[in-house]
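Chemist: A single structure is presented below for examination.
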Amino acid sequence: MAHEFTDAGGEVTPFLRKEVKTWAELADLVVFSSDTLRTQAEQVYQIDHRKTRRIYLCPAPKKKTAQNAEKVLRRYGLEGGYIFTLGWAARHKRVQTIIEGFSQFRKDTNRYVPLVIAGPATKDLPTNDLFGLVPNRDVFALGYVEDDEVPALYQNASVVVTASVSEAGL
């Protein structure tokens, strides 16, 4: 079940929430990607806790091999030590907020560390709205990445960030 307790749907948000409640009532099992989403949805939609499960979206690494990590980094032209965010580039995921915050971090600290953004639709981020950052130097928008590449991207990041209120539990 996709649960976004946001106003991402704009004026149709109340309708979407009603639909989500209906589908949750009809479902035998409702699955969430985080404990925060699970708890929030149980409260908002009055779902019995025994009817819900949390399954993380990031697959467990099959093998932690340096060779696989090197291959993944080479494929995307990366070196370790970047700031990483993984997720769909929808408005409510606030990818632009991450880019803007990263730009401000760079100005405030005068440190060079690249930002790596991965996930569906991230490859199509507008390059004219990067707050002075240069694509493929300061910001790497990878697009969809294979499940077996995700652990290597996490393992080689210095920092992992999210600006999505629902995933972060803020």
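The values are calculated or read from the model by the stated rules, or taken from the named source; none is laboratory data. All values derive from a computational prediction rather than experimental measurement. All Cβ positions, even for glycine, are placed from backbone atoms using ideal geometry, and neighbour counts span all protein chains on display. Note: accessible area is taken over every heavy atom of the protein model, side chains too, but ligands, DNA and RNA are not part of it. Shrake-Rupley method; radii C 1.70, N 1.55, O 1.52, S 1.80 Å.
Chemist: Can you find, within region 5-29, the residue that is modelled with the highest pLDDT among those that are open to solvent by less than 100 Å² (accessible area, probe 1.4 Å) and farther than 21 Å from Asp48 by Cβ?
Modeler: The qualifying residue modelled with the highest pLDDT is Pro14.
Chemist: From Ala89, Ala118, which residue is open to solvent by 20 Å² or more (accessible area, probe 1.4 Å) and of a type in the set (Gly, Ala, Ser)?
Modeler: Checking each option against the conditions leaves just Ala89.
Chemist: Then there's this: Just for region 33-56: of the residues that are of a type in the set (A, V, I, L, M, F, W, C) and farther than 20 Å from Trp88 by Cβ, which one is least open to solvent (accessible area, probe 1.4 Å)?
Modeler: The qualifying residue least open to solvent (accessible area, probe 1.4 Å) is Ile47.
Chemist: Here is a follow-up. Which of the residues belonging to region 92-104 are open to solvent by 30 Å² or more (accessible area, probe 1.4 Å) and either within 19 Å of Asn136 (Cβ to Cβ) or touching a Leu at 6+ places or on another chain (Cβ under 7 Å) (or both)?
Modeler: Gln96, Glu100, listed by residue number.
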